[in-house]
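The values are calculated or read from the model by the stated rules, or taken from the named source; none is laboratory data. Please read all numbers here as calculations on a predicted model, not as lab measurements. Quick reminder, even Gly has a Cβ in these numbers, built from the backbone with ideal geometry, and neighbours come from all protein chains shown.
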Ligand SMILES: [Zn+2]
């Protein structure tokens, strides 16, 4: 006997077709995860999206959201993928700090420090961020940066 799994689809959730099992209301998702930024009240310069294609605009990190994921997918991705983005950001900052300290010391030998990061999870975070960007601006050729245009993913 063959059974078909019933899945819910929340209208407007980009995870519906690829991840399945939507549930809850459509919820606000940060285009780039909050944890990526140090201070969410900070203003950032954004350019390349439809609403700022010609000139950069200053917007708050907190305002860079769109209702593009259902509550289940927003929470699931926030719990599994966003922490790796935060760890990656912290690792890069720590690496830069160590570089500066070691420059001052001037020694030629250092202890090797390892900062393990999950490759598949950071890849998922990059994909999530790309899809969020595409969903936010809802444009066929939405991401334009230095002349490179990325086609819309269907
Ligand atoms: Zn969903």
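Okay, here's what the table says:
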| read-out | value |
| --- | --- |
| Residues of the range 79-116 satisfying the condition of being surrounded by 13 or more Cβ atoms within 10 Å (Cβ to Cβ) and in contact with a helix residue (DSSP H, G or I) (Cβ under 9 Å, 6 or more places away or on another chain) | 80, 81, 82, 83, 84, 85, 86, 87, 88, 89 |
| Any hit, the range 55-69, residues being over 28 Å from residue 88 (Cβ atoms) and at pLDDT 90 or above | yes |
| Segments classed as strands (runs of 3 or more DSSP E), wholly inside the range 3-121, with at least 1 members that are within 16 Å of the ligand (Cβ to nearest atom), within 14 Å of the chain's Cα centre (by Cα) and within 24 Å of residue 135 (Cα to Cα) | 26-30, 65-70 |
| Failed criterion for residue 136 (all others in (1) exposed (fewer than 10 other Cβ atoms within 10 Å of the Cβ); (2) at pLDDT below 90 hold) | (1) |
| Pair list, Cβ < 7 Å and 6+ apart or interchain, from the range 33-51 residues that are farther than 22 Å from residue 68 by Cβ to residues that are assigned to a helix (DSSP H, G or I) and modelled with pLDDT of 80 or more | 41/62; 42/61 |
